[in-house]
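The structure follows.
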Amino acid sequence: MSIPTRHGDPNRWRVFGGLFGIYFSFGVVAMSIAPIVGEVRADLGLSRGSMGMALGAWQLVYIATAPPAGRLVDRLGLRRSLALGALVIIASGLTRVMASGLVGFWLAIALFGVGGPLVSAGAPKVVSTWFSDTRERRFAVGAYNTAPALGGMATLVLSNSVLMPLTGSWRATVVIETGAMVVAVAVWLVVSRHEPPVVEGSGQGVSAGGVRDLLAEAEVRAILAFGIGVFFIAHGLGGWLPSVLRSHSGFSAMAAANWTALGGVVGISTSLLLPRRASRDRLPRFLAAILVVVAVGLIAVIVLPTALDPLPVAAIGVRSALIPLTILMLMDCRAVGPGNMGLAFGMWFAVAEVGGVTGPLVIGWVGDSSVGFSGALVVLAGVCGLLLAVVAHLSRLHGRDVGSPGAGT
């Protein structure tokens, strides 16, 4: 896909490349355990429920750390805050390999939740700061959100097919994957040394209010609630889908990882395609369509013959576009402006990670129960149904604001 060309700061795409590298490596480290869950569980003696608790550790920490991380991004600046977040993520990856049981493993993964929010809250502000053209900005939001999916997909494909056979150790595999962030933060420090431009006429809100001002906006509250369900689905499937395909569908570890990666390709494509076309009035319709596709795909995995499971797994990959579309919706809110954007996204990630925590945990618990992973997929489909009701509410709020200053930009 070609990158839109517009007049703007000549350094913006170099800075975007550095951001993309940080977020790609974010995805590598975040997904480093999922494709080798079986090996890690056997080595550390963990049940599915215990592993689900560990996989959700960093999301749990996000809830407490994301709002102050967002404030830190607004005050410390983009270059230093993203570099600091990357260094903490490196520490998380390296301490995982030192774990000998559940407590140490949980703490190592939880450390990711200290550094991750600086990246998550900083990324939208990087795009908002460096891109003045509306279509270019929307493209950049969709594009950088493909980075963790690409990083996760690389991890899924390489962990069992290359790194595990090469090293013979899940610990050495995680060390190698953590090295991606070492390279990424070095590149970021080089490309982000330029002063960011002053963006005028960006079409964003003018408010620089705090938490109370943001929560006073009905649309912000609805987007926060929507984020809980989005992250429940994203992290629940992200942590367990390879295991679902191994246990429920009978695929090998390599086949399960490869088919999950195929869904990642679909997600990357939709994340690049839809945000550029997501004008303000189209956003709720896009979100609703994605939720319907995901719900149908989840049920199809249960009822279709195993040989056909790759088809709905690929379709479920469209869930990846939910996050960039929601980010655009929050970025367009009247209460969100350049002065409080870090805080706004810190709040959103904090609330959304309630779903990020409960997703892997619930899927692990249900998977351990008598209904198994089939029941877990039904739970996820039910969450899609609940989110459709939230989208209907957002559609009414969005419709109310269309035509207001800044709307549709």
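Check the range 367-376 and report whether any residue there is surrounded by fewer than 16 Cβ atoms within 10 Å (Cβ to Cβ) and either of a type in the set (Val, Ile, Thr) or within 23 Å of the chain's Cα centre (by Cα) (or both).
yes
Here's a follow-up. Working only within the range 25-54, note down all residues that are farther than 14 Å from SER243 by Cα, touching a Leu at 6+ places or on another chain (Cβ under 7 Å) and surrounded by 22 or more Cβ atoms within 10 Å (Cβ to Cβ).
Once the filter is applied, which keeps residues that are farther than 14 Å from SER243 by Cα, touching a Leu at 6+ places or on another chain (Cβ under 7 Å) and surrounded by 22 or more Cβ atoms within 10 Å (Cβ to Cβ), the range 25-54 yields GLY27, ALA54.
Residue-wise test of (1) more than 30 Å from ARG71 (Cα to Cα); (2) at pLDDT 85 or above; (3) surrounded by 17 or more Cβ atoms within 10 Å (Cβ to Cβ).
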{"residue": "ALA315", "(1), (2), (3)": "yes, yes, yes"}
{"residue": "ARG319", "(1), (2), (3)": "no, yes, yes"}
{"residue": "ALA344", "(1), (2), (3)": "no, yes, yes"}
{"residue": "VAL362", "(1), (2), (3)": "yes, yes, yes"}
{"residue": "LEU386", "(1), (2), (3)": "yes, yes, no"}
{"residue": "ALA389", "(1), (2), (3)": "yes, yes, no"}
{"residue": "ALA392", "(1), (2), (3)": "yes, yes, no"}
{"residue": "ALA407", "(1), (2), (3)": "no, no, no"}
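When you go through (1) part of a helix (DSSP H, G or I); (2) modelled with pLDDT under 90 one by one for GLY18, which number turns out not to apply?
(2)
Taking the range 83-135 as the region of interest, how many residues are in contact with a Leu (Cβ under 7 Å, 6 or more places away or on another chain), farther than 21 Å from MET51 by Cα and of a type in the set (A, V, I, L, M)?
Counting residues in the range 83-135 that are in contact with a Leu (Cβ under 7 Å, 6 or more places away or on another chain), farther than 21 Å from MET51 by Cα and of a type in the set (A, V, I, L, M) gives 7.
Now for a separate question. Would you check which residues across the range 261-280 are more than 17 Å from GLY297 (Cβ to Cβ), out of contact with any Pro (no Cβ under 9 Å at 6 or more places or on another chain) and buried (at least 20 other Cβ atoms within 10 Å of the Cβ) and list them?
Scanning the range 261-280 gives a single hit, ARG280.
Matching residues to (1) surrounded by 22 or more Cβ atoms within 10 Å (Cβ to Cβ); (2) at pLDDT 90 or above; (3) closer than 25 Å to LEU241 by Cβ; (4) of a type outside the set (Phe, Trp, Tyr):
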site: TRP106; (1), (2), (3), (4): no, yes, yes, no
site: GLY113; (1), (2), (3), (4): yes, yes, yes, yes
site: GLY116; (1), (2), (3), (4): yes, yes, yes, yes
site: ALA123; (1), (2), (3), (4): yes, yes, yes, yes
site: TRP130; (1), (2), (3), (4): yes, no, no, no
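Which pairs have Cβ atoms under 7 Å, sit 6 or more apart or on different chains, and link a residue in the range 261-284 that is under 15 Å from MET331 (Cβ atoms) and at pLDDT 85 or above to one that is of a type in the set (D, E, K, R) and outside any loop (DSSP other than H, G, I, E, B)?
Close Cβ pairs (under 7 Å, with a partner that is of a type in the set (D, E, K, R) and outside any loop (DSSP other than H, G, I, E, B)) amount to PRO275/ARG138.
Name the pairs whose Cβ atoms lie under 7 Å apart, with the first residue in the range 340-359 and within 18 Å of ALA376 (Cα to Cα), the second polar (S, T, N, Q) and modelled with pLDDT under 90, and 6 or more positions between them or separate chains?
GLY356/GLN59; VAL357/GLN59
Can you confirm whether GLY382 is over 26 Å from ALA64 (Cβ atoms), in a helix (DSSP H, G or I) and modelled with pLDDT under 85?
no
Is it the case that some residue within the range 297-307 is under 16 Å from the mean Cα position of the chain (by Cα), crowded, with 24+ Cβ neighbours inside 10 Å and at pLDDT 90 or above? Steps first, please.
Residues of the range 297-307 under 16 Å from the mean Cα position of the chain (by Cα): none.
Checking the range 297-307: not a single residue is under 16 Å from the mean Cα position of the chain (by Cα), crowded, with 24+ Cβ neighbours inside 10 Å and at pLDDT 90 or above.
The values are calculated or read from the model by the stated rules, or taken from the named source; none is laboratory data. Note that the structure is a prediction, hence the values are computed from the model and not measured. Every residue, glycine among them, receives a Cβ derived from its backbone with ideal geometry; neighbour counts consider all protein chains shown.
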